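The structure under discussion appears below in the form of structure tokens.
The values are calculated or read from the model by the stated rules, or taken from the named source; none is laboratory data. These figures come from a predicted structure and were not determined experimentally. So basically every Cβ, Gly included, is an ideal-geometry build from the backbone, and we count neighbours across all protein chains shown.
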Amino acid sequence: MSSVLQARGLGKRYGRRWALSDCTLSIPAGCVAGLVGPNGAGKTTLLHLAAGLLKATVGTIEVLGESVRGRPEQLARVGFVAQETPIYPTLSVADHLRFGAKLNPSWDDALAQDRIAGLGLERRQRAGQLSGGQRAQLALTLAVAKRPELLLLDEPVASLDPLARREFLRGLMEIAADREVSVVLSSHLVGDLERVCDYLIVLAASRVQLAGRVDDLLATHRRLIGPRRDASALPDGQQVIEASHTDRQSTLLVRTEEPIRDPGWIVEQVSVEDLVLAYMDQAAGAGRERGRLEAVRR
Amino acid sequence: MIWVAWRQFRTQLVVALGAVLLLGIVILVTGLHLRHLYDTSGIRTCDTQADCQALGQAIVSHDKLMQNLLGPILLAVPALIGMFWGAPLLGRELESGTYRLAWTQSVSRTRWLAIKILLVGTASVAAAEIVSLMVTWWSSPIDHVNMNRLTPGVFDRRGIVAIGYAAFAFTLGLTAGAVIRRTLPAMAGTLVVFVAARVLISDQVRPHLRAALMLAGPVRRGPIGVPGTGVAPPLPGAWLLSHSTEAKCTIGTGPAVHTCPGTPFRVLYTYQPASRFWPFQSDEMAIFIGLALILLGVCFSWLRSSAPDTSIRNIVRAQEEHPRTDTDNHQQTGTNVLHALRSEQPRGNQ
């Protein structure tokens, strides 16, 4: 299967600080991929690199099979909705559509007009007077009507109220279903991603912690609850992601391809949220570990 | 792209056109009146020097209000262009984040900027030069009398130098917007640098554009105790740069004169002759256009290399609740956001 976004050893440094390092991932075509992680984990940086707004410090990034160079033909194949969904406040809604039509040879005006009509936006209204949700919808319309093969969205719903958020995500789902467009969407709200994504990437501490199809991930992770015991006592092939212990009981989140055979465990399914939090916690722990090592080295 | 550039600039352009038109009408009406006065005053045919002086005085002092108005306007026009057309062009896009919208359409950002510069830059140069030509025309009767077109303060408001000033101010604003990434500070920066560059070049460079000529004039000896004064040589329209006494004797008070008896006092004048008005105009215009081209080069190389880096870095920074060093960040943000995530969860699940 071809991939819409492929990064190898990708890193981006701003000044002295690495916002993204050693990022290697491949997002298959036809997915709605969710990029999740804490603020400052590198989600925005990764998406801007993919959109061609940033240049990588090290490594390579390929979007739709070609490396990102900001050529017009490539820009035409990728739609980008930036965080806070920037629009020109003094231009009207109709002006924005014309803006899209003039700047994109592949512009689908019927699609844009339909969406605007469907959303009930007043064409003559200045974009600066739109509500946050309408604004986001306008930005999404601009990105979709250029008929991209890949749609990148950077925290599109972060600033929206729950209702507008649901509307926006519903619109996005319709687009993804109708247009056969691949979507990569970042969010720090796991609940949103759980609803719309079929592929998940956990980015934390500027590294990819977990990536895979949601179904596969859910199938290979289990929560084990049982009498207290050391995590290292587990059989090979069961990798502990998160462990918490009380005096008498241990709760482990493990990754395993095999079924759990030990009758001492109560085995539970995990949710996407459990997974994301476990991997983010692990990343935070690894960061602590790294910090300790560096302190020793000094 | 042309439509986009036009759509985002048209309001400003219409305002500027209106202002220029209004100014043009005022200049035309008062200018025709001034010309009429000049033609009928008889200054062209006056015989005695006293007559001519009196007639000239009448013309020079005519319509002081307009004279006082036109001077500052022409000084201000390039600065205003740099501040209001140059600085926001990139500054506002970067400040409001709309560059992320503009540069992810199917147009390369080099082309995007080139077309914007072509439209707004041409308008800038045209607007400044039209105003300059109008003022030059209006002032020509007065310039005929004063013969001072090379004098600083007059030279800057005549002819074609406005083209250079406007081009420089516009590209300066553009660069300031790109570097500072915020409109208001970029506007302020543009003003400061533009004024500094103008003063520097007018004071330090312009007098030396061509080797100054020298001419000696006699000294009229003053009364005892009063310095003698040089008698300026008759150099109509020349720009006197400096004067100094020749030889060992200072333009002295009484006793000093006697220390070098028999020496004829002379004062040496260095000056630029009136015939150099147009060469100086084209030289100074070329200097400012050269500066503008350098700034354009800076803008385009910035655009190609690291254009939005700093802006995006700022977005990324703003997302972090506690900016810290590398390792700290790994430790802290993970756990902090974990809590944030947990508390946000109910909203997300609605």
Query raised in the report: Just wondering, is there one or more residues in the stretch B:69-84 that are in contact (Cβ under 8 Å) with a residue 60 or more places away in the chain and at the interface with chain A (Cβ under 8 Å from one of its Cβ atoms)?
Result: no
Query raised in the report: Which of (1) over 23 Å from residue B:123 (Cβ atoms); (2) buried (at least 17 other Cβ atoms within 10 Å of the Cβ); (3) acidic (Asp, Glu) is the odd one out, the single condition residue B:93 does not satisfy?
Result: (1)
Query raised in the report: Can you name the residue in the stretch B:91-108 that is closer than 19 Å to residue A:155 by Cα and among the small types (Gly, Ala, Ser) and is also farthest from the other protein chains (Cβ to nearest Cβ) among such residues?
Result: B:102
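Looking at the structure I just gave you, is residue A:58 surrounded by fewer than 24 Cβ atoms within 10 Å (Cβ to Cβ), more than 11 Å from every other protein chain (Cβ to nearest Cβ) and at pLDDT below 90?
no
Does residue B:111 satisfy the condition of being over 23 Å from residue B:187 (Cβ atoms), within 14 Å of chain A (Cβ to nearest Cβ), surrounded by fewer than 22 Cβ atoms within 10 Å (Cβ to Cβ) and touching a residue at least 24 places away in the same chain (Cβ under 8 Å)? Please lay out each step first, then the result.
Numbers: over 23 Å from residue B:187 (Cβ atoms): yes; within 14 Å of chain A (Cβ to nearest Cβ): yes; surrounded by fewer than 22 Cβ atoms within 10 Å (Cβ to Cβ): yes; touching a residue at least 24 places away in the same chain (Cβ under 8 Å): yes.
Yes: the conditions hold for residue B:111.
Given the criteria small (Gly, Ala, Ser), at pLDDT 90 or above and either assigned to a helix (DSSP H, G or I) or buried (at least 16 other Cβ atoms within 10 Å of the Cβ) (or both), does residue A:164 qualify?
Details: small (Gly, Ala, Ser): yes; at pLDDT 90 or above: no; either assigned to a helix (DSSP H, G or I) or buried (at least 16 other Cβ atoms within 10 Å of the Cβ) (or both): yes.
No.
Restricting attention to the stretch A:33-54, and to residues there that are at the interface with chain B (Cβ under 7 Å from one of its Cβ atoms) and of a type outside the set (A, V, I, L, M, F, W, C), which single residue is surrounded by the fewest Cβ atoms within 10 Å (Cβ to Cβ)? Show your work before the answer.
Residues of the stretch A:33-54 at the interface with chain B (Cβ under 7 Å from one of its Cβ atoms): A:38-40, A:44-45, A:48, A:51, A:53-54.
The next check asks that each one be of a type outside the set (A, V, I, L, M, F, W, C); those that pass are A:38-40, A:44-45, A:48.
Working: A:38: 28, A:39: 18, A:40: 29, A:44: 25, A:45: 29, A:48: 28.
Among those that are at the interface with chain B (Cβ under 7 Å from one of its Cβ atoms) and of a type outside the set (A, V, I, L, M, F, W, C), it is A:39.
Could you check how many residues of the stretch A:195-227 are assigned to a strand (DSSP E or B) and of a type in the set (D, E, K, R)? First the steps, then the outcome.
Going residue by residue through the stretch A:195-227, those that are assigned to a strand (DSSP E or B) are A:199-204, A:207-213, A:221-227.
The next check asks that each one be of a type in the set (D, E, K, R); those that pass are A:207, A:213, A:222-223.
Matching residues across the stretch A:195-227 total 4.
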Query - All positions within the stretch B:151-187 that are among the aliphatic types (A, V, I, L, M) and not in a helix (DSSP H, G or I) - result: B:154, B:160
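In the stretch B:1-10, is there at least one residue being part of a loop (DSSP other than H, G, I, E, B) and either touching a Phe, Trp or Tyr at 6+ places or on another chain (Cβ under 7 Å) or modelled with pLDDT of 90 or more (or both)?
Checked against the condition, which is being part of a loop (DSSP other than H, G, I, E, B) and either touching a Phe, Trp or Tyr at 6+ places or on another chain (Cβ under 7 Å) or modelled with pLDDT of 90 or more (or both), the stretch B:1-10 yields at least one hit.
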Report task. Could you tell me whether the stretch A:157-166 includes any residue that is closer than 25 Å to residue A:78 by Cβ and touching a strand residue (DSSP E or B) at 6+ places or on another chain (Cβ under 9 Å)? Result -> yes
Report task. Mind listing whichever residues of the stretch A:87-97 are more than 8 Å from chain B (Cβ to nearest Cβ) and touching a residue at least 40 places away in the same chain (Cβ under 8 Å)? Result -> A:93, A:96, A:97
Query raised in the report: Within the stretch B:185-195, is there a residue that is hydrophobic (A, V, I, L, M, F, W, C) and touching a Ser or Thr at 6+ places or on another chain (Cβ under 8 Å)?
Result: no
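Restricting to the stretch A:162-183, what's the tally of residues that are of a type outside the set (D, E, K, R) and within 14 Å of chain B (Cβ to nearest Cβ)?
Residues of the stretch A:162-183 that are of a type outside the set (D, E, K, R), as a first pass: A:162-164, A:168-169, A:171-173, A:175-177, A:181-183.
Add one more test, that the residue is within 14 Å of chain B (Cβ to nearest Cβ), and what stays is A:162-164, A:168-169.
Here the count works out to 5.
Can residue A:106 be described as small (Gly, Ala, Ser), touching a Ser or Thr at 6+ places or on another chain (Cβ under 8 Å) and facing chain B (nearest Cβ under 8 Å)? It would help to see each step written out before you state the result.
Working: small (Gly, Ala, Ser): yes; touching a Ser or Thr at 6+ places or on another chain (Cβ under 8 Å): yes; facing chain B (nearest Cβ under 8 Å): yes.
Here the answer is yes, as residue A:106 does meet what is asked.
Quick one: how many residues across the stretch A:168-194 are assigned to a helix (DSSP H, G or I) and either of a type in the set (A, V, I, L, M, F, W, C) or buried (at least 18 other Cβ atoms within 10 Å of the Cβ) (or both)? Show your work before the answer.
Filtering the stretch A:168-194 for residues assigned to a helix (DSSP H, G or I) gives A:168-179, A:190-194.
Filter again for either of a type in the set (A, V, I, L, M, F, W, C) or buried (at least 18 other Cβ atoms within 10 Å of the Cβ) (or both), leaving A:168-169, A:171-173, A:175-177, A:190-194.
Summing the residues that are assigned to a helix (DSSP H, G or I) and either of a type in the set (A, V, I, L, M, F, W, C) or buried (at least 18 other Cβ atoms within 10 Å of the Cβ) (or both) in the stretch A:168-194 gives 13.
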**Report entry** Failed item, numbered, when residue A:219 is tested on (1) in contact (Cβ under 8 Å) with a residue 40 or more places away in the chain; (2) within 23 Å of residue A:29 (Cα to Cα); (3) of a type in the set (Gly, Ala, Ser)
**Finding:** (1)
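Return yes when residue B:294 is at pLDDT 85 or above and β-branched (Val, Ile, Thr) and no when it is not. Walk me through how you get there before you give the answer.
Values: at pLDDT 85 or above: yes; β-branched (Val, Ile, Thr): yes.
Here the answer is yes, as residue B:294 does meet what is asked.
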Query raised in the report: Just wondering, is there one or more residues in the stretch A:65-86 that are more than 7 Å from chain B (Cβ to nearest Cβ), in a strand (DSSP E or B) and either in contact with a Cys (Cβ under 9 Å, 6 or more places away or on another chain) or surrounded by fewer than 18 Cβ atoms within 10 Å (Cβ to Cβ) (or both)?
Result: yes
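Condition check ((1) on the phi < 0 side of the Ramachandran plot; (2) assigned by TED's automatic domain parsing to the domain that holds residue B:17; (3) buried (at least 23 other Cβ atoms within 10 Å of the Cβ)) across all residues:
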position: B:63; (1), (2), (3): no, yes, no
position: B:73; (1), (2), (3): yes, yes, no
position: B:85; (1), (2), (3): yes, yes, yes
position: B:115; (1), (2), (3): yes, yes, no
position: B:141; (1), (2), (3): yes, yes, no
